Amino acid sequence: MEAKPYRITQIQESTILLRLRCGFEVLFASNNGECRIEEGFERFVAAKLRHSPLAFKLQSEPVLFLDGHVVVNSLVNNTLFRSENGKEPRTVGDVLPKVAKKTGKTKSSSSMRVFDVETMEVQGQPSTESVTSPTLSSEGDLSVATLVKVPVDAIVALEKTDEASSVHAKLLQGLMDHMELIRFCMIKFKQAGKVVAVEPFHFRPLNNEYIVTTYYPTGMDETELETFRRSLHVCLELPTNRPLFRRGNMYRFNDTETRGGYLLNVHEGHSTVSPIGGQLALVQGLYSYHHYMQDRFDDNGWGCAYRSLQTVCSWFNLQGYTSKPIPNHRDIQQILVDVGDKQPKFVGSKQWIGSMEVSYVLNNYLGVESKIMFVSSGAELKEKARELAVHFENQGTPIMIGGGVLAHTILGVDFNSNTGDVRFLILDPHYTGAEDLEVILKKGWCGWKKTDFWDPMAYYNLCMPQRPSVI
Amino acid sequence: MVRTYVAENCVEQQIQEIIGRGKEEVGLIIGCHGNQKEQRDYVAFLATTPSQDDEDAESESEEEVDEKTKLKKEEKQDVELLDEKWIFNHCIQVSRTLPGGFEVIGVYVANLSESQTSAVKNVFVGLFKQVFKYSTIMLTENEKILISISSKTKKATFQSLDPKSPQSNFQLCELKYQHFVENWHLLRTVFRIHFLFPVSEELSCKSIRKQTQQCFKEWCKTVEDPVVLINDAIRADDEVLVEVPKDKAKQKARERQEIRVSLLKKLPYPDSLTAVGGQCRHRFVIKGDVSCLSYVRNKATVHEAKQAILGDIHRTMWARMELLGEEFEVSESDQEMQHNQSFNALEEINELPKRVFIQHPKCDMLLSDYVFSDESAPDVQERFKQVFGFEVAEEQIDFDIESFPEIELSKNEIIPPIVPASLTPNEAAKLLRNIGWGLLGAVGVGMASIFYLWGYFD
């Protein structure tokens with residue numbers, strides 16, 4: 001097996017992914033301050049993985065993959081599976097539960113089915129050929145022994161038509177393969193002769209049809225890992241101007257529609273067909289929706305720009321550019337005082353902010369530069385449609401727009417270059433209700449607006465955050 | 001609510017025999033506590049505690065015996081029978097032989113004098129308190145029974161008391177004689193052990209016996225709440241173990257079934273990833289398989305079956321570790337006396353005694369005993385005579401359930417080739433044989449030290 005510090009799993013729409021998350025305790029001995037990692041692994045793999053029988057169980061279903069056969073709960077009144085004619089299930093499709101059709105929107109990434117699998121050690125068996133009674137032996141004089149908990153997060157891709165009896169071997173192979181990977185990473189990141197703990201990460205760069213898996217040392221700073229990340233970018237021929245392999249970029253298997261209680265990408269509930277025959281240019285990646293009254297903070301009437309700024313910060317967080325938390329109103333105000341833009345009494349007040357302040361905060365807090373666009377009248381925005389489309393195509397960041405007495409977030413633009421017709425996808429921070437996706441979509445708190453949405457009597461400033469060119 | 005007891009017919013027989021003997025006696029009651037809801041327990045058989053006179057007689061010279069027995073008879077006759085420590089030891093011996101599902105559930109007394117009768121409650125409570133403190137592997141903390149037998153009245157009364165609330169009084173119970181053991185289901189599994197226990201600096205200063213006891217405690221933690229397969233099927237805890245089709249209910253419900261049990265231990269994703277390191281003087285490695293057996297009542301749930309088989313797994317290892325620990329204690333003190341040096345357990349391999357099954361002559365269940373490699377049928381027979389008072393025929397002892405590992409010795413050198421610890425001792429032996437290492441037979445007990453260095457730890 002090639003010594004690569006990562007693994008690739010190809011996926012397609014029909015792929016069924018089994019995700020194995022488990023942990024092992026591996027003991028490493030040190031000699032003269034030098035940790036014997038290779039040795040520790042070899043012994044562990046030989047003992048635990050090759051000679052001890054392992055079984056794999058679907059996390060929430062009574063389906064067990066043992067060496068050679070599959071056990072499915074076989075009680076008479078079991079309604080989960082009925083294998084035909086009472087025979088043992090033949091294919092993977094027979095064994096796995098059918099997924100109920102989800103009502104409402106489904107993200108494209110969720111068409112691939114992922115099942116969590118638990119790993120188990122077979123400690124007790126009904127009978128074995130010979131039963132050799134135990135011995136107690138003593139091994140002496142170890143200098144320093146380090147016990148490391150090794151987490152494994154392996155994914156194995158299957159098709160519906162694969163043989164059910166082959167699943168065990170595939171999962172075991174996946175596990176062994178990962179032990180190789182972990183060993184490689186531990187040796188690579190060894191510090192001062194000591195073994196480091198590593199953690200698994202999966203990535204799906206640019207939403208491609210494959211998943212990259214690697215292990216990073218726990219707690220190591222992103223800057224220290226940059227060289228390693230660059231090599232991943234290069235090996236996989238991926239652009240080196242945007243982060244794809246930071247911890248924040250990790251691929252989330254569960255089709256979670258929320259993060260930290262906030263709704264993600266609420267705009268995806270809308271159709272992507274343009275009613276004006278135009279081209280859609282939308283925000284790329286993930287963001288969370290921030291609006292009035294969230295976090296039990298009453299900012300009704302004054303906090304809209306702050307909320308829009310929060311949405312922008314969430315974007316940089318979710319795309320892995322930063323691991324800093326989304327700032328609250330007070331944090332934002334403090335930053336503006338710190339950079340000298342506002343007086344100290346600004347903190348705790350209910351003063352509005354505009355796109356300039358938003359750009360200062362993005363700069364100071366996240367190191368993000370922004371382009372500021374000024375339009376003297378709301379009616380002019382129609383003419384800026386092309387520029388906005390270019391922004392979404394190149395940068396793909398949400399735009400904060402402030403003007404008149406209101407602030408909003410622009411998530412996309414629908415532009416027909418022939419007719420000149422334009423629509424704007426707006427995320428409204430003035431919403432005061434609960435995280436109810438249906439309401440948000442139906443009542444237009446996130447929705448496509450026509451050019452008359454903008455006040456022709458007011459001037460507008462747009463803050464267009466620029467992606468830093470980092471990995 | 002009045003507790004009911006279901007007792008095997010052989011218990012009735014035993015009680016009659018005790019009445020017939022007319023002597024002062026004390027002994028243990030072996031059975032099973034039913035589930036809490038039903039308030040019903042099961043009595044399988046009785047075991048008479050051997051009297052201390054016989055024991056003393058063996059270990060002392062004749063003159064001393066005469067003196068002592070005289071003294072005893074004169075001064076201590078009354079309470080000698082109810083010697084808590086003595087009964088406690090008997091309890092340990094008995095508990096080691098019981099299969100899963102069964103435990104010591106009480107004490108019986110026969111033909112006690114006035115002063116003895118008044119002491120009974122204290123002894124009863126004291127005994128069980130000691131046992132609970134010693135180890136709950138031996139038995140569970142439930143209400144225990146007291147059977148009082150009198151040859152004069154030719155009667156036996158059954159009472160129960162929770163030793164943990166000694167302020168309350170004995171409650172009278174109802175009794176019913178009925179065969180049940182022969183119908184109870186039998187669970188079998190072979191449990192594989194591969195356990196590493198680093199002995200900290202602090203612990204390595206204590207006796208080997210204490211070290212093995214601590215090792216056992218830690219091992220117990222690795223056998224908790226496994227996923228259970230019953231006859232190769234995954235079952236939910238609250239399901240009834242053996243489904244009986246309605247039409248054949250009456251007949252089938254009374255038949256014993258042998259149930260194959262598999263136990264799977266989850267290997268969860270670690271919630272904390274910090275590496276733990278430390279200096280350790282040496283490490284214990286326990287490797288091998290144990291044969292486990294337990295009984296459950298017909299209507300048991302999967303959960304009860306799980307508890308029963310886990311109980312047996314714990315108990316069989318406890319018995320083995322204790323027996324080995326006792327050997328260490330003996331040889332440790334011998335060595336100290338001989339060489340005036342502290343016993344060094346480094347670089348040794350020790351066999352734990354293997355399990356043998358013995359058919360109970362009256363009750364349809366299998367008891368166990370543990371034998372070291374230099375023991376055989378007569379040793380087992382003698383032990384059973386002492387502990388239970390009955391004779392066991394050689395054919396009733398099954399020596400082949402487990403086999404001792406073949407252990408290889410290095411003749412002169414200490415550093416053997418690196419042998420992965422994953423191999424069972426049998427496989428290791430084969431490996432070594434193939435690469436030309438010498439072979440010396442395993443030697444016995446107490447001196448069960450065979451110098452051999454496992455090259456690896458995992």
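The values are calculated or read from the model by the stated rules, or taken from the named source; none is laboratory data. A quick note: this is a predicted structure, and the numbers were derived from the prediction, not measured. Positions of Cβ are generated from backbone atoms using ideal geometry, with glycine treated the same way; all protein chains shown enter the neighbour counts. Note: areas computed on protein heavy atoms with side chains; ligands, DNA, RNA excluded. Shrake-Rupley method; radii C 1.70, N 1.55, O 1.52, S 1.80 Å.
Collect the residues in region B:199-214 that are of a type in the set (A, V, I, L, M, F, W, C) and touching a helix residue (DSSP H, G or I) at 6+ places or on another chain (Cβ under 7 Å), keeping them in residue-number order. Spell out how you get there, then give the answer.
Step one: filter region B:199-214 for residues of a type in the set (A, V, I, L, M, F, W, C), giving B:199, B:203, B:205, B:208.
Across region B:199-214, the qualifying residues are B:VAL199, B:LEU203, B:ILE208.
Hey, can you tell me all the residues within region B:215-240 that are in contact with a helix residue (DSSP H, G or I) (Cβ under 7 Å, 6 or more places away or on another chain) and either open to solvent by 60 Å² or more (accessible area, probe 1.4 Å) or hydroxyl-bearing (Ser, Thr, Tyr) (or both)? Residues satisfying the conditions are B:ASP237, B:ASP238. Here region A:242-275 is the region considered, the condition is being under 26 Å from A:PHE201 (Cα atoms), part of a loop (DSSP other than H, G, I, E, B) and hydrophobic (A, V, I, L, M, F, W, C), and the residue that is least open to solvent (accessible area, probe 1.4 Å) is A:PHE245.
When you check A:SER166 against the structure, is it at pLDDT below 90, within 13 Å of chain B (Cβ to nearest Cβ) and out of contact with any Pro (no Cβ under 9 Å at 6 or more places or on another chain), yes or no?
no
Could we say that A:ARG230 is of a type in the set (D, E, K, R) and either over 28 Å from A:THR15 (Cα atoms) or within 14 Å of another protein chain (Cβ to nearest Cβ) (or both) here? Can you show your working first?
Details: of a type in the set (D, E, K, R): yes; either over 28 Å from A:THR15 (Cα atoms) or within 14 Å of another protein chain (Cβ to nearest Cβ) (or both): yes.
It is true that A:ARG230 is of a type in the set (D, E, K, R) and either over 28 Å from A:THR15 (Cα atoms) or within 14 Å of another protein chain (Cβ to nearest Cβ) (or both).
Counting the residues of region A:191-219 that are under 23 Å from A:ILE37 (Cα atoms), away from every other protein chain (no Cβ under 12 Å) and surrounded by fewer than 18 Cβ atoms within 10 Å (Cβ to Cβ) gives 2.
Residues that are among the charged types (D, E, K, R), under 27 Å from the mean Cα position of the chain (by Cα) and surrounded by 13 or more Cβ atoms within 10 Å (Cβ to Cβ): which strands (runs of 3 or more DSSP E) entirely in region A:374-471 hold 1 or more of them?
On the way: elements: A:399-403, A:406-415, A:422-427, A:446-450, A:460-465.
Per the criteria, no element qualifies.
Based on this model, can you work out whether A:GLY340 counts as assigned to a loop (DSSP other than H, G, I, E, B) and surrounded by fewer than 18 Cβ atoms within 10 Å (Cβ to Cβ)?
Values: assigned to a loop (DSSP other than H, G, I, E, B): yes; surrounded by fewer than 18 Cβ atoms within 10 Å (Cβ to Cβ): yes.
Yes.
Can you tell me which of A:GLY261, A:GLY278 is modelled with pLDDT under 95 and over 27 Å from A:TRP352 (Cα atoms)?
Values: A:GLY261 fails: over 27 Å from A:TRP352 (Cα atoms).
Sole residue among the options that is modelled with pLDDT under 95 and over 27 Å from A:TRP352 (Cα atoms): A:GLY278.
A:VAL196 fulfils the conditions (1) under 19 Å from A:VAL122 (Cβ atoms); (2) modelled with pLDDT under 90 except for a single criterion, (1).
Among A:LEU75, A:LEU64, A:LEU27, which is over 20 Å from A:ASP177 (Cβ atoms), surrounded by fewer than 16 Cβ atoms within 10 Å (Cβ to Cβ), modelled with pLDDT under 85 and within 11 Å of another protein chain (Cβ to nearest Cβ)? Explain how you work it out, then say what you get.
Numbers: A:LEU64 fails: surrounded by fewer than 16 Cβ atoms within 10 Å (Cβ to Cβ); A:LEU27 fails: surrounded by fewer than 16 Cβ atoms within 10 Å (Cβ to Cβ).
Just one listed residue meets the conditions, A:LEU75.
Out of the residues in region A:111-140 meeting the condition of being assigned to a loop (DSSP other than H, G, I, E, B) and more than 28 Å from B:THR212 (Cβ to Cβ), tell me which one is nearest to the other protein chains (Cβ to nearest Cβ). Among those residues, the one meeting the criterion is A:PRO126. Looking across A:SER355, A:SER359, A:SER377, one residue alone is touching a residue at least 24 places away in the same chain (Cβ under 8 Å) and under 21 Å from A:LYS450 (Cβ atoms). It is A:SER377.
Just so you know, in region B:309-334 the residues that are more than 13 Å from the chain's Cα centre (by Cα) and of a type in the set (Gly, Ala, Ser) include one that is surrounded by the fewest Cβ atoms within 10 Å (Cβ to Cβ), and it is B:SER333.
In this structure, is B:CYS280 at pLDDT 90 or above and not aromatic (Phe, Trp, Tyr)? No, not satisfied.
Looking across region A:157-182, the residues that are surrounded by fewer than 21 Cβ atoms within 10 Å (Cβ to Cβ) and in a strand (DSSP E or B) come down to A:ALA157, A:GLU163.
Apart from one condition, B:ASP54 fits all of (1) acidic (Asp, Glu); (2) modelled with pLDDT under 90; (3) farther than 26 Å from B:PRO353 by Cβ; the exception is (3). If you go through region B:182-212 and keep only what is within 13 Å of chain A (Cβ to nearest Cβ) and acidic (Asp, Glu), you end up with just B:GLU201.
Which of the residues belonging to region B:386-407 are surrounded by 13 or more Cβ atoms within 10 Å (Cβ to Cβ) and within 14 Å of another protein chain (Cβ to nearest Cβ)? If the condition is that a residue be surrounded by 13 or more Cβ atoms within 10 Å (Cβ to Cβ) and within 14 Å of another protein chain (Cβ to nearest Cβ), then B:ASP398, B:PHE399, B:ILE401, B:GLU402, B:SER403, B:PHE404, B:PRO405, B:GLU406, B:ILE407 are the ones that fit.
Among the residues of region B:257-271, those identified as assigned to a loop (DSSP other than H, G, I, E, B) and more than 7 Å from chain A (Cβ to nearest Cβ) are B:GLN257, B:ASP271.
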